[in-house]
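Colleague: Have a look at this one before I ask anything.
Nothing in this text is a laboratory measurement; each read-out follows from the coordinates by a stated rule. Because the structure is a prediction, the values reported are computed rather than measured. Don't worry about glycine lacking a Cβ; one is built from the backbone with ideal geometry, like all the others, and counts go over all protein chains shown.
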Ligand SMILES: Nc1ncnc2c1ncn2[C@@H]1O[C@H](COP(=O)(O)OP(=O)(O)OP(=O)(O)O)[C@@H](O)[C@H]1O
Ligand SMILES: [Mg+2]
């Protein structure tokens, strides 16, 4: 793969072990502006861990992560960043969680406003206006004063996405955003994500939704047992997988995807 | 300071008999109040309004009276009703009566929180009445209420220290008398604290065993 | 009861309530601080806090009070009955509050914290804006319960000469040679306060359960 001139995200040789188990092994890839990269792989292959290493929720054992050319987690001098520096960088990387992780003591609108106001300290009026626009965009304008407990799973996840967008991030990370949802609610979340892809948001998405990956991804990464086994355009990956592991994986999931669509 | 602890060491017989009294008092009170409480629990859940109301009133009253005042009332009050007590019996009676209410409430809570299905399954398999209670309900009740009952035993141990005010020779009273005789307050009371701590660790150890048994059976 | 007795009870009630409130106001934040130290696994200090909590939870308030009141002057720290009372109450209740706060912290969902980190909140902000509001709500019934337990042990403060409700009752009983009536009055003063707290706890629990069900 050719190096991009100015990647938004640059992951270089990241490795991570839990105890004796190596969960990520020397992972490198880049994500250019406006790209939608889908990370695929069997359960336990290290997808979540990779995502969490990008914004340093998990500290990589080796390797580096750069956001717009700036190092994440360790300073250029090689010192581990303090909480404040790290927090500053994290404001530019949005994250959407599998189980939503909305703050239950705040209303929908307050969930969106909390971090821009408290962390970024942007003017309240501006944040407020933007948050309302974001809620309209994900179709939840009328739910702005509801508490998260009152929402359906699909609505919660759309709030989760709006909350991440309210930070005006350079990069959005999704960890299986639809796998905790009832099948009939998956669609409404994927629609929002597809729109974001078209608008040119830079995203890294861990997902098991093969149809979505095929249609919306600009590139696919395939992880297996902590290694990046394959990467390429969705077309290459889904029609002509290069490795045996990817073929096996696709057979299982493609079969499922086809049955699910019927 | 070391000299002070030497004095306490010389008086170890007194402290040990205080510790023994505290342990004995607490265990008897716990066992009796658990038995009385388990008789009171069905009354609290009775369908007869008057029975349930009376049981509830007794439990709520006990829960709103400080134990120390209750002990005073038993100690001074019962003689005026013509019942004469030494301070041992008065203290023990106060501990037992007071904690009967707490035990009844603990058992009621555990019973109410028990899943209904296993009991219904017991009925479906032909268990009923006392046999249903003994074979199906009781084991689950002991396991789920056990840790809370253990905590209540710790509470009883600590409440028993209040009985020093009616001159019952338990652990705190023993420490008090050593301190007033030899003026070694730090050594005397810190030793008593250590002994209470040890006693509670033993109870907590038992509670943990019970909790592990319960966890394995969830 | 003479008017003098009534005023003695009234003054005693003020003292009982004031000491309880002082104990609660000191014990709540101290307990939270201790819980945070244990939660963050601060080396050595975390272990010491665990030891402190374990010992204090096993120590009867009388014994602790007598220890503080008699032993502190012995090591050169003079202390009056009221300070000893407040110190004993807040030490005792802070140990129990620590366990309550800690249970809430341990049960706090990890992804809530990670969501706060992912939007760049610093440790202080995470705690103030995300963790504290939620653990305060979760701990509230247990904290109110602990307050009622604290008030239930305050009669023992009279042992070192604090002139509270119980002390007033003891004195009047000794003067009239009829100990029972003044103790019944004391119970009548205590019971509504404790009943109020117990009802408050039940009310909060029921409201939270209703909110969850909705
Ligand atoms: N904090 C942790 N401590 C120990 N092991 C961990 C931890 N987090 C993850 N693992 C292990 O690391 C491996 C990779 O986990 P990860 O969650 O990254 O997989 P995944 O690809 O996201 O799987 P899934 O599709 O099931 O979400 C698994 O074997 C998991 O058990
Ligand atoms: Mg995962």
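Colleague: How much length would be gained if the chain were fully extended between residue A:83 and residue A:142, taking 0.36 nm per residue of separation minus their Cα-Cα distance, in nm to one decimal?
Modeller: Full extension from residue A:83 to residue A:142 adds 17.6 nm.
Colleague: Grab the beta carbon distance between residue C:123 and residue B:50, set R0 = 51 Å, and tell me the FRET efficiency rounded to 0.05. Write down the numbers at each step before the final one.
Modeller: Values: r = 58 Å, r/R0 = 1.14.
That pair, residue C:123 with residue B:50, gives E of 0.30.
Colleague: Could you list A:184, B:170 in order of exposure, starting from the residue whose Cβ has the fewest other Cβ atoms within 10 Å?
Modeller: In order of increasing Cβ crowding within 10 Å: A:184, B:170.
Colleague: Can you give me the distance in nm between label points at residue A:182 and residue B:167, each placed 7 Å from the Cα along the Cα-to-Cβ direction?
Modeller: According to this spin-label approximation, the distance is 7.3 nm.
Colleague: Which residue fluctuates most in the GNM of chain B (Cα springs below 10 Å): B:103, B:114, B:62?
Modeller: Its mean-square fluctuation being the largest, the pick is B:114.
Colleague: Roughly how tilted is helix B:185-216, in degrees to the nearest 10 and between 0 and 90, from the longest Cα axis of chain B?
Modeller: 20 degrees
Colleague: As a footprinting exposure proxy, order A:202, C:176 by other Cβ within 10 Å, with the fewest listed first.
Modeller: C:176, A:202
Colleague: Can you show me the helix-derived [θ] at 222 nm for the protein assembly as shown, built from DSSP H runs with n ≥ 4 at -39,500 (n - 2.57) apiece and divided by the number of residues, rounded to the nearest 500.
Modeller: -21000 deg cm²/dmol
Colleague: Hey, how many Å between the Cα centroid of the stretch C:108-133 and the Cα centroid of the stretch B:67-110?
Modeller: A separation of 49 Å, based on Cα centres.
Colleague: In degrees between 0 and 90, to the nearest 10, how far off the longest principal axis of chain C does helix C:45-58 point, with axes built from Cα atoms?
Modeller: 40 degrees
Colleague: Could you give the spread of the C-alpha atoms of the stretch B:128-196 along their three principal axes, from largest to smallest, in whole angstroms?
Modeller: 63, 22, 11
Colleague: Among DSSP bridges having both ends in the protein assembly as shown, what percentage is antiparallel? Round to the nearest 5.
Modeller: Expressed as a percentage, antiparallel bridges in the protein assembly as shown total about 55.
Colleague: Considering only chain A, what is the antiparallel percent among its DSSP beta bridges, to the nearest 5?
Modeller: Given both bridge residues lie in chain A, the antiparallel proportion sits at roughly 55 percent.
Colleague: Taking every residue in C:149-157, how many Cβ atoms of other protein chains lie within 10 Å of its Cβ, on average?
Modeller: Per-residue shielding by partner chains comes out at 4.
Colleague: Quick one: if you stick a label point 7 Å off each Cα along the C-beta vector at residue C:188 and residue B:3, how many nm between them?
Modeller: 5.4 nm
Colleague: Separate question: Please list, short to long, the whole-number percent of alpha-carbon pairs of the stretch B:2-217 in consecutive 10 angstrom bins beginning at zero.
Modeller: 8, 27, 30, 20, 10, 4, 1, 0
Colleague: Hey, what angle do you get for helix B:67-80 against the long axis of chain B, alpha-carbon based, 0 to 90 degrees rounded to 10?
Modeller: 90 degrees
Colleague: Give me B:9, B:88, C:101 sorted ascending by neighbouring Cβ count inside 10 Å, so fewest comes first.
Modeller: Taking fewest neighbouring Cβ atoms as first place, the list is B:9, B:88, C:101.
Colleague: Given a Förster radius of 56 Å and the C-beta distance between residue A:198 and residue B:114 as r, what FRET efficiency does 1/(1 + (r/R0)^6) yield to the nearest 0.05?
Modeller: On the way: r = 55 Å, r/R0 = 0.98.
Approximately 0.55, to the nearest 0.05.
Colleague: Per-residue mean of other chain beta-carbon atoms within 10 angstrom of the beta-carbon, peptide B:148-160?
Modeller: Numbers: counts 0, 0, 0, 1, 0, 0, 2, 2, 0, 2, 9, 5, 1.
Other-chain Cβ atoms within 10 Å of each residue's Cβ, averaged: 2.
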